[in-house]
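The next block holds one structure in the form of structure tokens; read it before the comments.
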Amino acid sequence: MGEYSTQFARANSYTARAFAKVNLHLAVGPARADGFHELVTIFQSLDLSDTVRLSVVDSSTDSESESGDPASQVHSLVVTGNDCAAVPTDSSNLAWQAVDAVADALRAAHGIELALPQVAVAIEKSIPVAGGMAGGSADAAAALRAANALFADHAGVAELDENVVHELAAQLGSDIPFCLHGHTALGQGRGEKLHGVPTVGTFCWALVAHEQGLSTPRVFGVFDELSEHGPQSQALAQDKACATYPSPEETRKLAAALQEGNVQRVAGLLRNDLQAAAVHVRPDLREVLRVGIQAGALTGIVSGSGPTCAFLCTDVATARQVTREVEKTIAGTRGIVATSPAGRAELIEN
């Protein structure tokens, strides 16, 4: 991150963007003692991004922080753009927490008395909210980048090392490390242990978001019910996942297809163990998947914990055709065409 220090020297605001993700392969193991599930996943970043702007608040103003917490560096947080009303604007927001995490880490590194300014946080949303595409995690990743640059700049100290920023990301949330680094990666543990996967070419996606979101904890809860307790009803029996925890061979095959840029092979290797649980909670997703595939997609899966469905297509024209057909057929849906892989969370010009 040092290359940004001169370019943005002593700016009163910094803006960063981070990208959505799609899980090409999401294998979910049983719940661990800490309540998290052991995952094996291959992520790709999508060229669909949110931006987070941090602006220094004039210390001479009399306005009180909206946090009510004098220890927080965040004065206020506003959200605009798609689904903005569904995003929290208090300290439960991951971007807010990311700003304070950077401040705490800088003080730990350079001295507890390090003077840091309060900031106003402005988030511009393009990634669907509660859609299984890591929108909140992308905001946190962008906030980590912006806060690291702004606070270090204003305090006249070195920015946090990339390894430290990665650790902060892992502490804040399972998807945030990937949103920080982007591109294509194999994730293990909670998804925070990352290894880059070489990828050739560009993949085209028709993403179908829904106006009604889906709770990730609820989907994992239903996954546990389906996996551990067996079917409780005919509906559960229909939705019950048959997948087993993966062998390394599965991920090797997908990694090889990505390295070849072979979209047909990639399509045949997509996997999401949470799909059965998401569809059980939201049976309407079956129809979304059916319509999208009939409209010309190579295949379709629920993205992460849903409810966004991701359809892999041969080209952008086909992806547009898929989004149009699903929007026309199923009320409450919104189609987005995107490509992968995109890059990492990064500072951008203000």
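Could you tell me the calculated FRET efficiency between ARG218 and VAL78, based on Cβ-Cβ distance and R0 = 30 angstrom, to the nearest 0.05? Rounded to the nearest 0.05, the efficiency is 0.60. Each of ALA16, VAL281, ALA141 was scored by the projection of its Cα onto the charge dipole of the chain, and the greatest displacement toward the positive side belongs to VAL281; charges sit on the C-beta of Lys, Arg, Asp and Glu. Modelled spin-label separation between GLU113 and GLN259, with each label point placed 7 Å from Cα along the Cα-to-Cβ direction: 5.5 nm. Mean-square fluctuations from a GNM of the chain, with a 10 angstrom spring cutoff on Cα atoms, peak among LEU114, LEU274, LEU77 at LEU114. For SER174, what charge total do you get from the other residues with a beta carbon under 9 Å from its beta carbon, if Lys and Arg give +1 and Asp and Glu give -1? Net local charge, SER174 excluded: -1.
In this label model, THR329 and ARG252 are separated by 3.8 nm, measuring between points 7 Å along each Cα→Cβ vector.
Mind checking the per residue accessible area of region 60-162 for me, 1.4 Å probe, whole number of Å²?
Value for region 60-162: 39 Å² per residue.
Rounded to the nearest 10 degrees, what's the angle between the helix 316-329 long axis and the longest principal axis of the chain, both from Cα atoms, 0 to 90? Relative to the chain, helix 316-329 is tipped by roughly 80 degrees. Using a probe radius of 1.4 angstrom, the carbon and sulfur fraction of the accessible surface of the chain is 50%.
If R0 equals 30 Å, the separation of the Cβ atoms of ASP47 and ASP69 corresponds to a calculated FRET efficiency of about 0.25.
Quick one, which of [x] 29; [y] 14; [z] 8 is the actual percent of Cα pairs over 40 Å apart calculated for this model? Correct label is [y]. May I ask for the net charge around ALA27, where only other residues with Cβ less than 10 Å from the Cβ of ALA27 are counted and Lys, Arg are +1 while Asp, Glu are -1? Around ALA27, the charge tally is -2.
Per residue, how much accessible surface does region 263-345 expose to a 1.4 Å probe? Answer in Å², no decimals.
Working: 3030 Å² over 83 residues.
Normalised by residue count, the accessible surface of region 263-345 is 36 Å².
Heavy-atom accessible area per residue, region 15-54, 1.4 Å probe: how many Å²? Spell out each step's value before the answer.
Numbers: 1130 Å² over 40 residues.
Roughly 28 Å² per residue, with all protein chains present.
The angle between the Cα long axis of helix 135-155 and the main principal axis of the chain comes to about 20°, on a 0 to 90 degree scale. Sort out for me the Cα centre separation of region 267-299 from region 336-350, rounded to whole Å. Taking the Cα centre of region 336-350 as reference, the centre of region 267-299 is 25 Å away.
Projecting the Cα atoms of ALA105, TRP205, ILE293 onto the charge dipole of the chain, computed from C-beta unit charges around the Cα centre, puts ILE293 farthest toward the positive end. Among HIS183, HIS210, HIS25, the sequence by solvent-accessible area, most first, with a 1.4 Å probe is HIS183, HIS210, HIS25. Note on the chain: Lys pairs 8 or more places apart or on different chains, Cα atoms under 28 Å apart, count 9. The angle between the Cα long axis of helix 162-172 and the longest principal axis of the Cα atoms of the chain comes to about 70 degrees, rounded to the nearest 10. Dipole magnitude for the chain: computed about the Cα centre from +1 point charges on Lys and Arg Cβ and -1 point charges on Asp and Glu Cβ, it is near 1320 debye.
Give me the net charge of ARG252's neighbourhood, meaning all other residues with Cβ under 13 Å from the Cβ of ARG252; Lys, Arg count +1, Asp, Glu -1. That works out to -1. Relative to one another, the C-alpha centroids of region 195-228 and region 156-175 are positioned 25 Å apart.
The values are calculated or read from the model by the stated rules, or taken from the named source; none is laboratory data. Just so you know, these numbers come straight off a predicted model, no measurement behind them. Positions of Cβ are generated from backbone atoms using ideal geometry, with glycine treated the same way; all protein chains shown enter the neighbour counts. Only protein heavy atoms, including side chains, enter the accessible area calculation; ligands, DNA and RNA are left aside. Shrake-Rupley method; radii C 1.70, N 1.55, O 1.52, S 1.80 Å.
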